[in-house]
Structures are given as C-alpha cells and as structure tokens.
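*Asks:* Can you read through this structure? Questions will come right after.
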Amino acid sequence: MAKKQPARQAKKPYRIAVIGGDGTGPEVVREGLKVLAAAAEVGRFRYETQEFDFSGARYLARGGDPAKPNIPVVTDDELAALKTFDAIYLGAVGDPNVAPGILEKGLLLRLRFELDQYINLRPVKLYPGVKCPLADKGPEDIDFVIVRENTEGLYTGMGGCQYKGTPHETATQIMCNTRHGVERCIRYAFDLCRKRGDKKLLTLVHKTNVLTFVGDLWFRTFNEVGQEYPDITRDYNHVDACCMWMVKNPECYDTIVTGNMFGDIITDLGAMIQGGMGIAAGGNINPDGLSMFEPIGGSAPKYAGKNVINPLAAIGAMAMLLYELGEEAAGDRVEAAITYVTARKLKSLAAGKMGYTTTQVGDLVAEAVRKGLKA
Ligand code: IPM
Ligand code: MN
C-alpha cells in the first residue's frame, strides 16, 4: 500500500544553496531562480535559498594565491554548511585572474568529490525551434542522455611529477577506477535507461582496445550488472567511434554510460549538437545525498555583466534540480516552458543573438511556467 503523503503545506520548505560563481554565472542563476519562483507558485511548494560567494574575486580578496594553499576557495565550515541543504544550484566556475585549476579543483571538483556526487547526468536534447548544426536532424533524432562517472578516472588527482624542469622530467596522471565506483555508476545508468522510454538501449563508451585494464573493468562490470536487466539491450562503442556516431547517427542513442574524462569530452560534443552551450544542462548527483545542478558551459567572462548570455542552460539545470527533489510536475512544467520559448520566441541560442536579453529570456520562461505553455 502506498504510504500516505503528508499534506503539501505541512512539508518543510526545500533549502537550496545558491552559488553564482564567476563571470556570467550569477546572471544565469538569477534567471533560474526567477523560474523556480514561478514553478513554486503554481506547484504550491515552498523553498528557501541562501547564497554562497565562492567566486574567484572572493578568493583573491582573501589573499588567495597558488603559492599559499592554506587559503581555500571553500572553507571547511562552508562545506559543512552546504551539507545541510537539500540541493545546490551552481552558476559557473572560472576566473581569468585566478590560475587555472584553483577554482575548478577548490570548488567544483571538491564539491563533486566530498559530496560523493558520483553521477554527472547530462541530457543531450534538441529542443524544438533550435538550429542544429547537423544537417537533416531534428528534435526526434537528438534526445539521449549521457551518464558520466563523476568521482574517479583521471580526475582523482593521482600521479605526480619528478625531475621537474629537467630533460628527464616525468609526469603521470593515473586513470584510477574501482569496482565499487564503476558498478554504482553502471547500475544508475541501467535504472535510468529502464525509466526513460521505449528504446531501452544502454551503450557503454570506453576505449577497451587501448585501456586494457580500466576498460576491461568497465566492460566486465557492464555485462555482469546487465544480467540483472534483461529488458535493456546492451551496446558498446569505443569513445572515438562514439564521437563519429553522435554526429552521424545521434538517433541511435538512448542512454550512454562512460568514465569521467570521456564523459567530459563527449558531453561538450553533445552540447553542440543540441544547439550549443547556451542550452546544455547537467546535474552532479548523489542519488542518496546532496546533488548540485549547473549549466555545463563555462563562466564566459567576456559576456559577464552585459545581460546577453543565454540563461536556458541554467533554467534547464533548475528543471533537473526539481526532478531530483521529487517535484516531477514542476520539472515537467519548466521543461515545457523551455520548449515554448525555443520554439516560439528565441531567434538563436547564441549570446547576444537571442533577440532578447538574459533577463527577458528568464521572464519569458517564468511566464510560460505560470501559464503552463509549451511548444
Ligand atoms: C565540466 C568542466 C569541469 C570538468 C572542469 C571545469 C573541471 O569541464 O563540468 O565539464 O572537467 O569536469
Ligand atoms: Mn567539461
């Protein structure tokens, strides 16, 4: 028997931590929050937000310097505070005034690892009305999802450097995967694939012909776990071939599961075939814990403060956040509102070419959410 749900009004407000970040991050996050307000109004749920400034500017103001690793981008106390929230909403990370890697490692990767957000979920979906760079492909052809492992692989930081600056300099960066890490990611992908629709096709993407240790771990685990999912068809692609198929026959994909670095790379390709970074959303998910949602593009410093950046990726990330909180209807409503705006309003998804400002696009989506509009 289904458990009786407590009355909506009695439910505690969701607590959402908001990290605007760098560059255009705060601008797109503002529009996502506008859409959240509209969704909460019609969906009759309550929420609270709290902003955290983890920007490069703050890091520098606190005396941050690569030579002084004692100045963190996020302090331990702040991390502890974040852990009390129901979800994290992130704008963008990256400031040209801060040495490469500091903010990425100190903020984004730190949260992914410490919050054990072991899934990076990145839908590749061509919305109606969006110009696709692939000839003769439409929204019915481009609608799949990439499950990227998010806490292992080349991202663990294992490796090192010896004899630096000499002709004998040696550098290693280790692709480290564990059975535990690979298995939980693959299970998540099978479960998601089962829920997604009729195709029921899960493709493992790796490079088993060269990465004969790590690739073999993924391949064996995939086939073993797959025995428990007889309703799901399994397929395998090498990562280079996957890049080719994503361009040539994207309609052949349903759900892709892959390691951290390959996932990083193929999801940028995925973003391009769905119309660009302006629309590509993602979620760093801990299925049993705290998840963090973000547009997958960067901080686009050259557009910062100009009110020209496309906020749809951030708004799509908000839809994903709502799904993860269990607010399915609200998530559907935001998704539908995005289709309305791409199909009926925007001239282009590119920054400065939308025919609307950043804030106007946010207004359009929020209004479509209130009115329940779709393409
Ligand atoms: C991404 C980004 C990050 C990654 C960088 C900023 C560390 O490219 O989210 O895809 O490599 O994961
Ligand atoms: Mn990336």
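*Asks:* Please list, ordered by first then second residue, the pairs with beta carbon atoms under 8 Å, 6 or more apart or interchain, first in segment 355-375 and open to solvent by 80 Å² or more (accessible area, probe 1.4 Å), second part of a loop (DSSP other than H, G, I, E, B) and of a type outside the set (Gly, Ala, Ser).
*Replies:* Final answer for the pair search is Glu367/Leu373.
*Asks:* Going through Lys137, Lys83, Lys164, Lys131 one at a time, which residue ends up being under 30 Å from Lys11 (Cβ atoms), of a type in the set (Lys, Arg) and more than 17 Å from the chain's Cα centre (by Cα)? Explain how you work it out, then say what you get.
*Replies:* On the way: Lys137 fails: under 30 Å from Lys11 (Cβ atoms); Lys164 fails: under 30 Å from Lys11 (Cβ atoms); Lys131 fails: under 30 Å from Lys11 (Cβ atoms).
Criteria check complete, one pass: Lys83.
*Asks:* When segment 112-122 is examined, which residues are found to be open to solvent by 10 Å² or more (accessible area, probe 1.4 Å) and in a strand (DSSP E or B)?
*Replies:* Leu121, Arg122
*Asks:* How many of the residues in segment 42-85 are under 23 Å from Gly25 (Cα atoms), loosely packed, with under 13 Cβ neighbours inside 10 Å and touching a Pro at 6+ places or on another chain (Cβ under 8 Å)?
*Replies:* Looking only at that region, the number is 1.
*Asks:* Next up: Assuming Val29 fulfils every condition listed in (1) surrounded by 20 or more Cβ atoms within 10 Å (Cβ to Cβ); (2) over 20 Å from the mean Cα position of the chain (by Cα) apart from one, which condition is it?
*Replies:* Status for Val29: all satisfied but (2).
*Asks:* For segment 235-244, does any single residue satisfy the condition of being outside any loop (DSSP other than H, G, I, E, B), within 15 Å of ligand 2 (Cβ to nearest atom) and touching a helix residue (DSSP H, G or I) at 6+ places or on another chain (Cβ under 8 Å)? Break it down stepwise before answering.
*Replies:* As a first pass, look at segment 235-244 and keep what is outside any loop (DSSP other than H, G, I, E, B): 235-244.
Adding the requirement that they be within 15 Å of ligand 2 (Cβ to nearest atom) leaves 239, 243.
Those left that are additionally touching a helix residue (DSSP H, G or I) at 6+ places or on another chain (Cβ under 8 Å): 239, 243.
Yes - at least one qualifying residue is present in segment 235-244.
*Asks:* Here is a further query. For Thr339, only one of the following conditions fails: (1) open to solvent by 50 Å² or more (accessible area, probe 1.4 Å); (2) out of contact with any Ser or Thr (no Cβ under 7 Å at 6 or more places or on another chain); (3) not in a loop (DSSP other than H, G, I, E, B). What is its number?
*Replies:* It fails just one condition, (1).
*Asks:* How many residues are open to solvent by 10 Å² or more (accessible area, probe 1.4 Å), in a loop (DSSP other than H, G, I, E, B), in contact with a helix residue (DSSP H, G or I) (Cβ under 8 Å, 6 or more places away or on another chain) and not polar (S, T, N, Q) when one looks only at segment 307-326?
*Replies:* Here the count works out to 2.
*Asks:* Quick one: in segment 252-286, which of the residues that are within 11 Å of ligand 1 (Cβ to nearest atom) and part of a loop (DSSP other than H, G, I, E, B) is nearest to the chain's Cα centre (by Cα)?
*Replies:* Filtering segment 252-286 for residues that are within 11 Å of ligand 1 (Cβ to nearest atom) and part of a loop (DSSP other than H, G, I, E, B), the one nearest to the chain's Cα centre (by Cα) comes out as Ala280.
*Asks:* Please work out if Lys125 is surrounded by 12 or more Cβ atoms within 10 Å (Cβ to Cβ) and closer than 21 Å to Gly282 by Cβ. Show your work before the answer.
*Replies:* Values: surrounded by 12 or more Cβ atoms within 10 Å (Cβ to Cβ): yes; closer than 21 Å to Gly282 by Cβ: yes.
It is true that Lys125 is surrounded by 12 or more Cβ atoms within 10 Å (Cβ to Cβ) and closer than 21 Å to Gly282 by Cβ.
*Asks:* Name the residues in segment 287-306 that are in a loop (DSSP other than H, G, I, E, B), open to solvent by less than 30 Å² (accessible area, probe 1.4 Å) and under 29 Å from Arg187 (Cα atoms), would you?
*Replies:* Leu290, Ile296, Gly297
*Asks:* Scan segment 165-218 for residues that are open to solvent by 80 Å² or more (accessible area, probe 1.4 Å) and under 26 Å from Asp116 (Cα atoms) and report the count.
*Replies:* Residues that pass the stated criteria total 7.
*Asks:* For segment 86-109, how many residues are open to solvent by less than 50 Å² (accessible area, probe 1.4 Å) and more than 16 Å from ligand 2 (Cβ to nearest atom)? Full working, then the answer.
*Replies:* Quick first cut of segment 86-109, residues open to solvent by less than 50 Å² (accessible area, probe 1.4 Å) only: 87-95, 98-99, 101-103, 106-109.
Remaining after also requiring more than 16 Å from ligand 2 (Cβ to nearest atom): 87-89, 95, 98-99, 102, 106.
Selection size over segment 86-109: 8.
*Asks:* A further question follows. Sort out which residues of segment 246-265 are within 16 Å of ligand 2 (Cβ to nearest atom), open to solvent by less than 10 Å² (accessible area, probe 1.4 Å) and not hydrophobic (A, V, I, L, M, F, W, C), and write them in order of number. Step through it out loud before you land on a result.
*Replies:* Within segment 246-265, the subset within 16 Å of ligand 2 (Cβ to nearest atom) is 246, 256, 258-265.
Next, from what is left, pick out any that are open to solvent by less than 10 Å² (accessible area, probe 1.4 Å): 246, 256, 258-260, 263.
Across segment 246-265, the qualifying residues are Thr258, Gly259, Asn260, Gly263.
*Asks:* While we're here: Within segment 267-279, track down each residue that is in contact with a strand residue (DSSP E or B) (Cβ under 9 Å, 6 or more places away or on another chain) and either open to solvent by 50 Å² or more (accessible area, probe 1.4 Å) or near ligand 2 (Cβ under 10 Å from one of its atoms) (or both).
*Replies:* Thr267, Ala271, Met277 - these are the residues of segment 267-279 that are in contact with a strand residue (DSSP E or B) (Cβ under 9 Å, 6 or more places away or on another chain) and either open to solvent by 50 Å² or more (accessible area, probe 1.4 Å) or near ligand 2 (Cβ under 10 Å from one of its atoms) (or both).
*Asks:* If you go through segment 288-321 one residue at a time, how many are under 14 Å from the mean Cα position of the chain (by Cα) and more than 18 Å from Val18 (Cα to Cα)?
*Replies:* The number of residues fulfilling the criteria is 0.
*Asks:* Continuing with the same structure: Go through Gly129, Gly106, Gly91 for me and flag whichever is within 11 Å of ligand 1 (Cβ to nearest atom) and either out of contact with any strand residue (DSSP E or B) (no Cβ under 9 Å at 6 or more places or on another chain) or within 23 Å of Lys302 (Cβ to Cβ) (or both). So that I can check it myself, show each step before the final result.
*Replies:* Values: Gly129 fails: within 11 Å of ligand 1 (Cβ to nearest atom); Gly91 fails: within 11 Å of ligand 1 (Cβ to nearest atom).
Sole residue among the options that is within 11 Å of ligand 1 (Cβ to nearest atom) and either out of contact with any strand residue (DSSP E or B) (no Cβ under 9 Å at 6 or more places or on another chain) or within 23 Å of Lys302 (Cβ to Cβ) (or both): Gly106.
*Asks:* Give, as residue ranges, the strands (runs of 3 or more DSSP E) completely inside segment 137-212 that count at least 2 residues that are at pLDDT below 95.
*Replies:* Numbers: elements: 143-149, 159-162, 170-173, 201-206.
Ranges flagged: none.
The values are calculated or read from the model by the stated rules, or taken from the named source; none is laboratory data. Because the structure is predicted, anything quoted here is derived from the model rather than measured. Here the Cβ is made from the backbone with ideal geometry for all residues, glycine too, and neighbour counts use every protein chain on show. Remember, those area values only see protein heavy atoms, side chains included, never the ligands or the DNA or RNA. Shrake-Rupley method; radii C 1.70, N 1.55, O 1.52, S 1.80 Å.
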